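Worksheet: one structure, shown below.
FYI, it's all coordinate maths here, none of it is from the lab. A quick note: this is a predicted structure, and the numbers were derived from the prediction, not measured. Neighbour counts run over all protein chains shown; Cβ positions are idealised from the backbone, glycine included.
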Amino acid sequence: MKLGEALVSGNLITKEQLKEALERQVMFGGRLGTNLVELGYIKDEDIMSFFGKFFRTPAVKTGILDEIDPETIASLDKGLAEKYMMVPFRRDRNRLHVAMLDPRSFEVIDEIRFATGFDIIPYVITELRLMYYLEKYYGIKRDLRYISVHDKIIKTEEQASHFEWHSEAFKIAEQFAGVNDKGHVIDILLNETAGMAARGAVFEVNDILISGWKGRGISVDGFEDALGDSSVYHAVLKKETLYRGPLLQAPGNEKLIERLQGMPRDCCMLPIKFHDKVIGLLYVDNGNEDVLDTDLSYISTLVAMAEVSFEFVLLRKKLYGVIPA
């Protein structure tokens with residue numbers, strides 16, 4: 001089934017709207033999705049969501065593409081990026097994750113694999129968004145048509161996202177402000193990640209050992225693991241920053257992989273600090289097979305609020321401690 005027919009079958013557009021978009025495509029060029037968005041018949045984010053099902057390939061979250069490190073971009077030269085319309089956004093060992101228009105182009109994927117030396121992990125993206133990131137990272141100029149439509153999309157999304165994000169953050173801050181003990185802080189943190197990731201867990205950190213604190217969708221009771229140099233824990237603790245990517249097969253990750261019953265293709269681990277010392281690690285994923293489809297900046301903000309909340313717990317104890325027995 002062709003894309004247009006699938007969109008009609010899925011009740012995302014009508015036959016008449018498809019016909020008009022196809023006629024427009026003949027006159028002005030561009031992808032079908034771009035023409036439908038320009039006509040106002042469908043939103044770009046709805047096209048992205050539909051692409052994931054249609055191509056049976058994950059649709060890349062555009063927030064992931066906003067800050068791609070130069071080393072990853074350099075993995076694919078400008079000529080190939082422009083020729084095959086793709087942007088690399090994550091690199092881990094021998095794998096290169098790329099956003100592209102048609103993830104079913106196996107010949108293209110094989111050619112890029114040969115040219116870069118990496119196994120290629122494809123993700124689908126809309127034309128409007130891809131053109132924006134090709135210009136941002138490779139300096140490949142967009143036609144004015146793509147600029148005007150894309151900028152309208154981004155402006156609308158930012159306004160909606162900012163309102164929703166801000167409103168929700170204030171509500172959670174109120175919860176964190178009312179905590180009585182550390183366990184309550186962890187409960188709020190895990191509860192709030194439930195809407196963003198299928199599984200979550202908090203691990204306690206000491207000098208040589210990682211131990212399970214509390215989990216959601218993951219049983220961490222009795223879990224203990226050493227801080228091996230090749231572990232994901234070590235990577236997070238060494239840089240005191242988040243890790244995002246697959247849980248790699250490495251000696252230091254064996255116990256965690258066993259507890260997760262497999263190697264997640266996409267996960268995130270963040271440090272939790274108290275008095276400038278890392279005391280815990282927040283881990284989230286969407287199961288072993290699915291991509292972590294969430295806003296990491298929001299999760300980072302939740303961790304930051306949890307860190308302040310630990311201070312509230314300490315101050316409460318000090319406050320009640322001044323009352324004579």
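Could you list the trypsin sites (Lys or Arg not before Pro) in region 1-82 that lie in coil according to DSSP, counting only those with at most 12 other Cβ atoms within 10 Å of their Cβ? Working shown, then result.
Numbers: sites: LYS2, LYS15, LYS19, ARG24, ARG31, LYS43, LYS53, ARG56, LYS61, LYS78; in loops: LYS2, ARG31, LYS43, ARG56, LYS61.
Qualifying residues, ordered by number: LYS2, ARG56.
Going through (i) 69, 41, 40; (ii) 84, 42, 36; (iii) 88, 43, 33, the figure that equals Cα extents along the principal axes in Å as computed for the structure here is (ii). Each residue of region 197-206 is assigned a 3J(HN,Hα), and the resulting list reads 8, 5, 10, x, 7, 10, 10, 8, 10, 10 Hz, derived from the Karplus form 6.51 cos²θ - 1.76 cosθ + 1.60 (θ = phi - 60°), x at Gly and Pro.
Treating each Cα of region 198-257 as an identical point scatterer and summing with the Debye formula, the log10 of I(q)/I(0) at q = 0.17, 0.20 Å⁻¹ comes to -0.55, -0.79. Would you mind pulling out the separation of the Cα centroids of region 294-322 and region 185-202, in Å? So the separation of the two Cα centres works out to 15 Å. Counting neighbouring Cβ atoms within 10 Å and putting the fewest first, the residues MET85, MET1 line up as MET1, MET85. Between ILE140 and MET263, the simple label model (points 7 Å from Cα in the Cβ direction) yields a spacing of 3.1 nm.
Can you give the calculated 222 nm mean residue ellipticity of the chain, where each DSSP H run of n ≥ 4 adds -39,500 (n - 2.57) and the sum is split over every residue, rounded to the nearest 500 deg cm²/dmol? Write out the running numbers ahead of the final one.
Values: 14 runs with 165 residues, N = 325.
Estimated from H runs of four or more residues: -15500 deg cm²/dmol.
Here's how it looks for ARG90: its modeled amide H is under 5 Å from those of HIS97, which are all 5 or more places away or on a different chain. Between ASP66 and ARG244, the contour length at 0.36 nm per residue exceeds the Cα-Cα span by 62.6 nm.
Couplings for region 229-235, taken from phi via the Karplus curve 6.51 cos²θ - 1.76 cosθ + 1.60 with θ = phi - 60°, read 4, 8, 8, 5, 4, 4, 4 Hz in order; Gly and Pro are left as x. Near ILE13, the amide H atoms lying under 5 Å from its own belong to VAL8; only residues 5 or more places off or on other chains count, and H is placed 1.01 Å from N. With one equal scatterer per alpha carbon and no solvent term, the Debye-computed log10 I(q)/I(0) for region 1-42 at 0.33 1/Å reads -1.26. Using the Cβ of GLY222 as centre and a radius below 12 Å, the other residues enclosed give a net charge of -1, where K and R count +1 and D and E count -1. Distance between the pseudo-spin-label points of ASN191 and LYS273 (7 Å out from Cα toward the beta carbon): 2.7 nm.
Can you give the convex hull volume of the alpha carbon atoms of region 214-325 per residue, in Å³?
Numbers: hull volume 14.3 nm³, N = 112.
Residue-normalised Cα hull volume stands at 127 Å³.
Non-local amide H neighbours of VAL291 (under 5 Å, H modeled in plane, Pro and chain starts lacking H): which ones? Result for VAL291 returns nothing. Extending 7 Å from the Cα toward the beta-carbon at both ARG93 and ALA115 defines two label points whose distance is 2.6 nm.
Give the residue from VAL220, MET27, TYR132 lying farthest towards the positive end of the charge dipole for the chain; charges sit on Cβ (+1 for Lys and Arg, -1 for Asp and Glu) and the dipole is referred to the Cα centre. So the residue we want is MET27. Note on LYS182: lysines with a C-alpha under 30 Å away, same-chain residues under 8 apart excluded, are LYS171, LYS214, LYS238, LYS239, LYS255, LYS273, LYS277, LYS317, LYS318. Given contacts defined as C-alpha pairs under 8 Å and at least six residues apart, what's the relative contact order of the chain, whole-number percent? Answer for the chain is 12 percent.
Listed by chain and number, the lysines placed with their C-alpha closer than 17 angstrom to that of LYS19 are LYS2; residues fewer than eight positions away on the same chain are left out.
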